[in-house]
Structures are given as C-alpha cells and as structure tokens.
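Read the structure below first, then the notes.
Values quoted throughout were computed directly from the atomic coordinates according to the rules given, and no laboratory measurement underlies them. As the structure is a prediction and not an experimental result, all values here were calculated from the model. A quick note on method: Cβ atoms are made from the backbone with ideal geometry, for glycine too, and the neighbour counts reach across all protein chains shown.
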C-alpha cells in the first residue's frame, strides 16, 4: 500500500484510541504549521483545507473533527493535546 493511499484512508474512531489520538494530533500539527507560516491568514487555509480535502473524503463526524483540529493550530499544545485526549476518551 502506498504512502498516499494511507494518507487518504479515513481515520475514525474504529481504528482504535491510539490511532485516533495520533490522527487528531497530526491535524493539529498541520494547523500549527499553517499558523506559523501564514499568521492569521491560516484561517483561509483552514477553509480551503475543508473545502478541497474534507468535502472530497466526507465522513460526517470525522471530517468536522479533523477540520476542528486543524483550526486549533493557533492554540498552544497544552490546550490542544488535552482536547484531543478528551475527544478520544469520549469516542471510545
């Protein structure tokens, strides 16, 4: 299986708590990188991410949660990591 097909594979709660947690933290890191590069304009990138990526691979709760964690990129890690852990705990 190729790296690209692994990236496109949905990572919902059915993959297990650890995989789900690392998936959401990966979305947070993507948002944090966008925020570091673009500043406040990263909000445009978040909207583009949602429209160009998540709507093409739509899975109702997972797509919204993924976009939420990209949006959390402007928050410090000590906020985002507990939020990701809470989401993981509530969904398992």
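Brief remarks follow.
- Packing rank of 51-59, 16-24, where each peptide gets the mean count of other beta carbons within 10 Å, highest leading: 16-24, 51-59
- Relative contact order computed over the stretch 16-91 (Cα-Cα under 8 Å; 6+ residues apart), in percent: 49
- Counting neighbouring beta carbons within 10 Å and listing from fewest to most, the residues 37, 81 come out as 37, 81.
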